[in-house]
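So the structure is just underneath, and the comments pick up after that.
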Amino acid sequence: MNVIMFSGQGAQKAGMGKDFYNNFVIAKQTFEEASDALSFDVAALCFEDANNQLALTQFAQPALVTTGIAAYRVLQQEGITAGLLMGLSLGEYTALVAAGVLDFARCVKLVHKRGLLMTELAVQGGMTAVMGLGRDVVEQICEKASYVGHVACANFNTPQQIVISGEKAALDACIPLIKEAKGKAIPLKVSGPFHTKLMQKAADAFVLEMADITPKAATLPIISNVTADVLATDNLAEHLSKHMTGSVLWDYSVVKAKEMGGTKFIELGCGNTLVNFVKKIDDTLETYTIESAAEVK
């Protein structure tokens, strides 16, 4: 069974989606639909990024959703079907559109606003990737460093790659502890302490943005980051609020997808980060990256 995976924020890059746009009418129509909804040129943003706007959360998020849906529509047109859908962090919104839960045009507007809220209402802080240490060790390090500020595990990407998130002083306090435990720390280029309780103000404001949205039943199961289980679409606003403040359980989600019969894990639209995670979680699984017309064929 095919498991289609959608990229999260950080995967964006100039030129993403351009090959789909140039080779498939349905992809071009997808970019045009997003541009109409947002009142700015999403194709120019993704293909050229002349003003370095893809580095900004409010532009990166709709750009990634658009690229992912353009690629997904191409796969559907070419007869490549999905049995399960997944998305890393922001990528779960792309999965919600692919499953018919959210309307595409409304979703790109929603994530544009989400990005603004995440930037405007976030407490100052950041995120750091921790390599080579297990969950228990990283959680203990966060607990030891919490005397100077909040820090917590935000992304469980693989058993040996965990992202911590929090206030700068607390993140700085984690660095020597990570080195002492023989791990490696890599600061990430993000604008806030995402996936922690420090995002609560943004999450509360985001719920209000969901007030006029009535989600539809999913046409395909989605494995949620928040629970590492099949997403229930009732009370979606509350779920997506927790999505901003809770940890991303990616490694557990991949295990769940395999338990449900997933054998081929296909990353769409932008890079190979997710397939690399899958390989480190379970190297028996088949992985594919599709971000061009040639790779579709």
*What number of residues in segment 262-297 are at pLDDT 95 or above, of a type in the set (A, V, I, L, M, F, W, C) and part of a loop (DSSP other than H, G, I, E, B)?*
1
*Can you tell me which residue among A170, A205, A154, A145 is open to solvent by less than 60 Å² (accessible area, probe 1.4 Å) and in a strand (DSSP E or B)?*
A154
*asked:* When you scan segment 70-85, do you find a residue that is in a helix (DSSP H, G or I), farther than 24 Å from F24 by Cα and either modelled with pLDDT of 95 or more or among the aromatic types (F, W, Y) (or both), even just one?
replied: no
_Here are the criteria: (1) open to solvent by less than 20 Å² (accessible area, probe 1.4 Å); (2) out of contact with any Leu (no Cβ under 7 Å at 6 or more places or on another chain); (3) more than 24 Å from A152 (Cα to Cα). Tell me which single one M244 does not satisfy._
(3)
_Complete set of residues in segment 16-54 that are among the small types (G, A, S), in contact (Cβ under 8 Å) with a residue 60 or more places away in the chain and closer than 13 Å to H112 by Cα_ = A34, A37
*When the residues of segment 93-113 are filtered to those that are out of contact with any Leu (no Cβ under 8 Å at 6 or more places or on another chain) and assigned to a helix (DSSP H, G or I), which remaining residue is farthest from K297 (Cα to Cα)?*
K113
*Hey, can you tell me all the residues within segment 98-127 that are among the basic types (K, R), open to solvent by 30 Å² or more (accessible area, probe 1.4 Å) and touching a helix residue (DSSP H, G or I) at 6+ places or on another chain (Cβ under 7 Å)?*
K109, K113
*Does S224 satisfy the criteria of being in contact with a helix residue (DSSP H, G or I) (Cβ under 8 Å, 6 or more places away or on another chain), open to solvent by 20 Å² or more (accessible area, probe 1.4 Å) and among the hydroxyl-bearing types (S, T, Y)?*
no
_Go through segment 267-297 and report how many residues are charged (D, E, K, R) and more than 19 Å from R73 (Cβ to Cβ)._
5
*Could you please tell me which pairs satisfy a Cβ distance under 7 Å, a separation of 6+ or placement on different chains, a first residue in segment 211-236 that is in contact (Cβ under 8 Å) with a residue 40 or more places away in the chain, and a second residue that is of a type in the set (K, R)?*
I213/R106; I223/K256
*Does segment 78-100 include one or more residues that are of a type in the set (D, E, K, R) and under 16 Å from the mean Cα position of the chain (by Cα)?*
yes
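The values are calculated or read from the model by the stated rules, or taken from the named source; none is laboratory data. Bear in mind that the values here come from a model prediction, so they are computed numbers and not experimental data. When we count neighbours, we look across all protein chains shown, and the Cβ atoms used for this are built from the backbone with ideal geometry, even at glycine. Note: accessible area is taken over every heavy atom of the protein model, side chains too, but ligands, DNA and RNA are not part of it. Shrake-Rupley method; radii C 1.70, N 1.55, O 1.52, S 1.80 Å.
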